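Written out below as structure tokens is the structure these notes cover.
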Amino acid sequence: QVQLVESGGGLVQAGGSLRLSCAASGRTVSSYPMGWFRQAPGKERAFVAAIDWSGGITTYADSVKGRFTISRDNAKNTVYLQMNSLEPEDTAVYYCARGKWLATTATGYDYWGQGTQVTVSS
């Protein structure tokens, strides 16, 4: 059974940075693409970023390009999301997911973490 656990969320002022981590246990995720999604209050879950199995290909939502960076360390079964220049609009619960392919919609992912809260104050 694949388990994904997000960490690193918290409260930060606008312009600040956070690094989210997604740790996998129970089964390696090194052969799968991975993604980050977020869900703000009253909003649908939205794609943030994804990375292929090797870490060589990444894709981002337009809203975070140039500010967020997704990376992975397959030896640690861990995926990261470096979040810089945070804005209040980035406030959401952030979810890590294992992909069936390098997808930008939730239907492309089959395992999900429980999420970590990111709150950006103005």
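Annotation note: of Gly42, Gly16, Gly66, Gly55, the sole residue that is free of Cβ contacts under 8 Å to residues at least 24 places away in the same chain, outside any strand (DSSP E or B) and open to solvent by less than 40 Å² (accessible area, probe 1.4 Å) is Gly55.
State all residues of the stretch 97-108 that are open to solvent by 10 Å² or more (accessible area, probe 1.4 Å), over 27 Å from Gly16 (Cα atoms) and outside any strand (DSSP E or B); if no residue qualifies, say none.
Filtering the stretch 97-108 down to residues open to solvent by 10 Å² or more (accessible area, probe 1.4 Å) leaves 98, 100-102, 104-107.
From what's left, over 27 Å from Gly16 (Cα atoms): 98, 100-102, 105-107.
Correct list: Lys100, Trp101, Leu102, Thr105, Ala106, Thr107.
Scanning the stretch 65-103 for residues that are of a type in the set (A, V, I, L, M) and in contact with a Leu (Cβ under 9 Å, 6 or more places away or on another chain) turns up Ile70, Val79, Leu81, Met83, Leu86, Ala97.
Restricting Tyr111, Tyr94 to those that are within 23 Å of Gln13 (Cβ to Cβ) and surrounded by 14 or more Cβ atoms within 10 Å (Cβ to Cβ) reduces the list to Tyr94. Among what's in the stretch 26-39 and is open to solvent by 40 Å² or more (accessible area, probe 1.4 Å), among the polar types (S, T, N, Q) and within 24 Å of Asn74 (Cβ to Cβ), pick the residue that is modelled with the lowest pLDDT. Filtering the stretch 26-39 for residues that are open to solvent by 40 Å² or more (accessible area, probe 1.4 Å), among the polar types (S, T, N, Q) and within 24 Å of Asn74 (Cβ to Cβ), the one modelled with the lowest pLDDT comes out as Thr28. For the stretch 74-93, does any single residue satisfy the condition of being in contact (Cβ under 8 Å) with a residue 60 or more places away in the chain, in a loop (DSSP other than H, G, I, E, B), closer than 15 Å to Trp36 by Cβ and not small (Gly, Ala, Ser)? Yes, some residue in the stretch 74-93 is in contact (Cβ under 8 Å) with a residue 60 or more places away in the chain, in a loop (DSSP other than H, G, I, E, B), closer than 15 Å to Trp36 by Cβ and not small (Gly, Ala, Ser).
The values are calculated or read from the model by the stated rules, or taken from the named source; none is laboratory data. Bear in mind that the values here come from a model prediction, so they are computed numbers and not experimental data. All Cβ positions, glycine included, derive from the backbone under ideal geometry; neighbour counts span all protein chains shown. Surface accessibility is based on the protein's heavy atoms, side chains included, excluding ligands, DNA and RNA. Shrake-Rupley method; radii C 1.70, N 1.55, O 1.52, S 1.80 Å.
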